[in-house]
Structure formats: C-alpha cells, structure tokens
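Some notes on the structure that comes next.
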Amino acid sequence: MEQFISRDKIIKELDGDEDWEYTYLEPEPGENDKMNDTANRDKLIVERERLSRKFEEATAQWILSNDREPAKAARDTREDIAEQLRKHYWKLDPYVRARSLYDRTGILRADGTVDFYPKPKKDETAQTNGNTNAQDNVE
C-alpha cells in the first residue's frame, strides 16, 4: 500500500502511522433545509442550463476553428465557462444534494475543495475544566 499512499496517511489498523478512528457524526437538524427551497433551486438550475449551452457553443466554436488564434481564443473561452460551471455547481449543491459525513466533518467544503485533515470547529473540541485526570473531575 505504501507504494501508493504515504505511510503517515495509512491508518494504524492497516499497519500505518495514522492514529485515526472512524466516528459517525449524526445529521444536524435542518442541515438539508435548503433542499426544500425549490424556488431558488429552480433559478439556479435555469442559470446552470444557460451556462451549459454557452459551454456547448464554445466547444463547437473551438472544434470548428481552423486557424490557430481563433481556436486558442475559443478554447480559452470554453475553459472560462467550464470554471464558471464548476463554481456554479457549488452554489446549486445545497439545494440538490443532502449533506454527508464529509460535509459535517469539514472534509468537503462548501466551495467543493477537499481538506483531508480539517481542523475541528471550536464547538467540536472537548470542553474541560483544565484537568487531565478523570479522577480530578470528581467533586
């Protein structure tokens, strides 16, 4: 496995160094409420369809361009629209995809980027009275 994955990223259970244990986070109440907002969802879908048509048109222009400069310009336009489509998906995402463990843990961010080792949110860190020994917490 180390041929493909760095040893420090392989969990101990598989003889790696990564000290990690799976913990399921329950869904938060209301985390999928945007899926009920069909008006905004439909507006975003219409916008996405418009961008998709522009992407198809730019692709056709790129394919049909016989000269180097117009082909490069068409390709650049197509790449710009592809980036717009990528960004636009993440605006649409909360309206069409239920949140998952990856969203809850912060691995999958709202803009679609992935952070395999997100820092815990402040409210997710354990609250203590400063004592590290369980016996010290007994009154």
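Laboratory data are not the source of any read-out in this text; all were calculated from the coordinates shown. The model shown is predicted, which means the values in this text are computed figures rather than measured ones. Note that each Cβ is placed from the backbone with ideal geometry, even for glycine, and that neighbours are counted across all protein chains shown.
List of remarks:
- Sorted by Cβ density within 10 Å, fewest first, the residues ILE10, ILE81, ILE5: ILE5, ILE10, ILE81
- Debye, to nearest 20: dipole size of the chain, +1 on Lys, Arg Cβ, -1 on Asp, Glu Cβ: 920 debye
- If R0 equals 30 Å, the separation of the Cβ atoms of TYR117 and ARG97 corresponds to a calculated FRET efficiency of about 0.85.
- Given R0 = 22 Å, the distance between the Cβ atoms of GLN61 and GLU83 translates into a calculated FRET efficiency of 0.80.
- Relative contact order (%) - the range 34-120, alpha-carbon pairs under 8 angstrom, separation at least six: 31 percent
- Each other residue within a Cβ distance under 12 Å of GLU13 adds +1 if Lys or Arg and -1 if Asp or Glu, for a net charge of -4.
- Rounded tilt (10° steps) of 38-64 against the dominant C-alpha axis of the chain: 50 degrees
- Estimated vicinal HN-Hα couplings, Hz - the range 85-97 in sequence order (Karplus 6.51, -1.76, 1.60; Gly, Pro = x): 4, 4, 5, 5, 4, 6, 6, 6, 3, x, 8, 10, 10
- Computed over neighbours whose Cβ is under 12 Å from that of GLU57, the net charge equals +3, Lys and Arg +1, Asp and Glu -1.
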